[in-house]
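The block underneath contains the structure these notes are about, expressed in structure tokens.
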Amino acid sequence: MQQPAHGGNLAWAAALAGCPRDAILDFSASISPLGPPDSAIAAIKSQISSLRHYPEPEYSELRLALSHFHQLPPEWILPGNGSAELLTLVGRELAALAATILITPAFGDYYRTLAADNAKVLEFPIDLSHLLINNDRSLSEDKLPLELRGQSNNDKGLLLNNPHNPTGKLFSRQEILPLLEEFALVVVDEAFMDFLPPEEEQSLISVVQEYENLVVLRSLTKFYSLPGLRLGYAIAHPDCLLRWQSWRDPWPVNNLAAAAAIAVISDRNFQQQTWQWLPPTRNQLFQGLATIPGLQPHTSAANFLLVESQQSSSQLQQQLLQHHQILIRDCLSFKELGDRFFRVAVRSVSDNQRLLTALRALL
Ligand SMILES: Cc1ncc(COP(=O)(O)O)c(C=O)c1O
């Protein structure tokens, strides 16, 4: 079986570990351990009879719910089959420009979507040297690559991820705003932004109506632990979203996913619970990793940690699978990181403890 290019490939991991898929403790996919919320399951159950009908192609009810959630008119929001589907549409849009700038290391799917439409890609590496000895984010402000500014960018697109996967860096809204004046199109993938509580998030959704060249992508699969259901949405100028609708099939979001989405975005309890769980649990995992010889975690605003390792991370991955049935995400598919980095999701305190114990035993 091929080495997976994404996290969460349990079939591959189970084959290597020699155990059933269910026995694998998966740190490789950055999915919340708290979900799916009961509200999602209840909504799915209540909509089983709707399987007999095609979805309504405008997704009016879902768009209305999202429009209340984000305080935006419904025509500025387009639901999709995961943000991955919307990335495919973004790729086609970006390919029409002279080039697209990626901040690297970049999520592998960006290369897939840009290559599909023969887009020209220019890469700008992020500063990875910036390490802190504790996870106190107030001590640091993550910076975009300096060279991004001051180029002639008005014929180019920028595809940016905030918070950034796989580093967990968070760029401030203030830092991104000037780029909207420079680039022909700016796409901000905010797949992990919902993990930040409202008072800390740096989303660009609040300014989307001021910039025709801004697209924000959101995912509901990570925060609500619904990657198998597939659900995301784009927020952008209605003309752009109408164009995308004309490019894709009429029913990309199924009825059960639409019902679950409406339920979870108004599930304040689940949202509060997640915002209370993440910072202390991530900090505990960070501290635990930092005390293991040869490992150096990077501070992160998201629900995962990038860890620098003196030992080969693919070897470590293999040993963790074979001896402990634990799956971590090696970073071989991120060419700038290679074999000296791995990424782990923040899971429950007891799961995190199991990972730390296994790593201590191996290192
Ligand atoms: C940065 C980033 N964007 C988008 C996605 C796609 O998420 P989904 O299609 O499940 O919404 C992922 C999935 O791992 C991701 O890491």
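The values are calculated or read from the model by the stated rules, or taken from the named source; none is laboratory data. Keep in mind the model is a prediction, meaning the values are calculated, not measured. All Cβ positions, glycine included, derive from the backbone under ideal geometry; neighbour counts span all protein chains shown. Only protein heavy atoms, including side chains, enter the accessible area calculation; ligands, DNA and RNA are left aside. Shrake-Rupley method; radii C 1.70, N 1.55, O 1.52, S 1.80 Å.
At-a-glance table
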read-out	value
Cβ-Cβ under 8 Å pairs, at least 6 apart or on other chains, region 223-238 side among the basic types (Lys, Arg), far side not in a loop (DSSP other than H, G, I, E, B)	Arg230/Gly82; Arg230/Ala84; Arg230/Glu85; Arg230/Ala257
Single unsatisfied condition, Phe69 versus (1) open to solvent by less than 40 Å² (accessible area, probe 1.4 Å); (2) within 23 Å of the chain's Cα centre (by Cα); (3) more than 16 Å from the ligand (Cβ to nearest atom)	(1)
Residue list for region 181-194, restricted to those being in contact (Cβ under 8 Å) with a residue 12 or more places away in the chain and either in a strand (DSSP E or B) or over 13 Å from the mean Cα position of the chain (by Cα) (or both)	Glu182, Phe183, Ala184, Leu185, Val186, Val187, Val188, Asp189
Given (1) within 15 Å of the ligand (Cβ to nearest atom); (2) outside any helix (DSSP H, G or I); (3) open to solvent by 10 Å² or more (accessible area, probe 1.4 Å), number of the condition Pro197 does not satisfy	(1)
Helices (runs of 4 or more DSSP H) lying entirely in region 210-297 (those with 3 or more residues that are within 30 Å of Arg92 (Cβ to Cβ))	238-247, 255-265
Conditions (1) of a type in the set (Gly, Ala, Ser); (2) in contact with a strand residue (DSSP E or B) (Cβ under 7 Å, 6 or more places away or on another chain); (3) buried (at least 18 other Cβ atoms within 10 Å of the Cβ): number failed by Ser314	(3)
Lone qualifier among Leu78, Leu89, Leu102 - being in a helix (DSSP H, G or I), within 15 Å of the ligand (Cβ to nearest atom) and buried (at least 16 other Cβ atoms within 10 Å of the Cβ)	Leu89
Residue selected from region 321-335 under the condition open to solvent by less than 70 Å² (accessible area, probe 1.4 Å) and within 19 Å of the chain's Cα centre (by Cα), by the criterion farthest from Asp109 (Cα to Cα)	Leu327
Residue match in region 14-28 (condition: touching an Asp or Glu at 6+ places or on another chain (Cβ under 9 Å) and of a type in the set (S, T, N, Q))	yes
Qualifying residue in region 38-57 (condition: modelled with pLDDT of 95 or more, within 16 Å of the ligand (Cβ to nearest atom) and within 23 Å of the chain's Cα centre (by Cα))	yes
Residues (closer than 14 Å to Tyr224 by Cβ and small (Gly, Ala, Ser)) located in region 243-296	Ala257, Ala258, Ala259, Ala260, Ala261, Ala263, Ser266
Selection status of Ile262, assigned by TED's automatic domain parsing to the domain that holds Leu87 and closer than 12 Å to Ser39 by Cα	yes
Members of region 151-180 that are part of a helix (DSSP H, G or I) and open to solvent by 20 Å² or more (accessible area, probe 1.4 Å)	Arg173, Gln174, Glu175, Leu177, Pro178
Hits in region 4-37 (condition: out of contact with any strand residue (DSSP E or B) (no Cβ under 6 Å at 6 or more places or on another chain) and among the charged types (D, E, K, R))	Arg21, Asp22
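Listed here are the residues, each with its yes/no results for (1) more than 16 Å from Arg63 (Cβ to Cβ); (2) open to solvent by less than 40 Å² (accessible area, probe 1.4 Å); (3) assigned by TED's automatic domain parsing to the domain that holds Arg173.
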position: Phe183; (1), (2), (3): yes, yes, yes
position: Val188; (1), (2), (3): yes, yes, yes
position: Gln202; (1), (2), (3): yes, no, yes
position: Gln209; (1), (2), (3): no, no, yes
position: Arg218; (1), (2), (3): no, yes, yes
position: Thr221; (1), (2), (3): yes, yes, yes
position: Tyr224; (1), (2), (3): yes, yes, yes
position: Gly232; (1), (2), (3): no, yes, yes
position: Leu241; (1), (2), (3): no, yes, yes
